[in-house]
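To keep things clear, I will list the structure first and then write my remarks on it.
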Amino acid sequence: MNSQKPTFSFNKEDFKHHSFDKVRYGDTDRQGHINNAMFVRYFETSRTEILYNPIRPLHEDNTSFVIASMQVEFLNEIHWPGNVDLYTNVLRLGNSSITFEQVIYQGETLCSYSTCVIVHVSNETKKSLPLPNKAVQYLETLKK
């Protein structure tokens, strides 16, 4: 069994969406670095800026976006104090789903890589719904 970590190589400039988050003291764990659960929260910061921007919301009334699957690779530690830079692309657009590719950097250090599938759903039935045209048009601009 191969126990080596996968190797990832990215250029920040290749990502269409850039954001950041502040690393808080309360994000640390017993080892003194940022708790792994916080990585998921940092990824969420970037995705929600895309999906729920009040100036350009991508959902319709009575609909929302839910996570169907997420894979996270923990590559390097994140430390307090500081900030993290969050980079996001759209890998694929389905009829009702979006696959995001995301990375977290602290300074020049690549700390984490994630892919996440988000589904557009009815708030009433909880069943998937086609992505609105306005969402598809904008998300196409974020494709890798």
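Were the residues from residue 68 through residue 93 laid out at 0.36 nm apart, the gain over their Cα-Cα distance would be 7.6 nm. Computed from the alpha carbon positions, the gyration tensor of the chain leads to an equivalent ellipsoid with semi-axes of 28, 16, 15 Å, biggest first. So for region 1-71, Kirkwood radius off the Cα pairs, Stokes-Einstein at 10 °C and 1.306 mPa s: how many µm² s⁻¹? The Stokes-Einstein estimate is 103 µm²/s. Note on residue 45 and residue 141: their simple-model spin labels are 2.3 nm apart, each label 7 Å out from Cα toward Cβ.
A P(r) calculated from all alpha carbon pairs of region 84-144, with 5 Å bins opening at zero, reads 4, 18, 23, 19, 15, 12, 7, 3, 1 percent.
Can you show me the helix-derived [θ] at 222 nm for the chain, built from DSSP H runs with n ≥ 4 at -39,500 (n - 2.57) apiece and divided by the number of residues, rounded to the nearest 500. Mind dumping the intermediate values first?
Numbers: 2 runs with 24 residues, N = 144.
So the helix-based figure for the chain works out to -5000 deg cm²/dmol.
So, in nm, how far is label residue 52 from label residue 126 when the simple model puts each one 7 Å beyond its Cα toward the Cβ? Label at residue 52, label at residue 126, 1.9 nm between them. The aspartates and glutamates whose alpha-carbon is closer than 14 Å to the alpha-carbon of residue 143, local same-chain residues fewer than 8 away aside, are 13, 14, 101. With the largest listed first and rounded to whole Å, the semi-axes of the equivalent ellipsoid of region 40-111 from the Cα gyration tensor are 26, 14, 10.
Just so you know, all these numbers are worked out from the coordinates, no wet-lab data involved. The structure presented is a predicted model; accordingly, all values stated were derived computationally and were not measured. Heads up, the Cβs are rebuilt from the backbone with ideal geometry, glycines too, and the neighbour counts pull from every protein chain shown.
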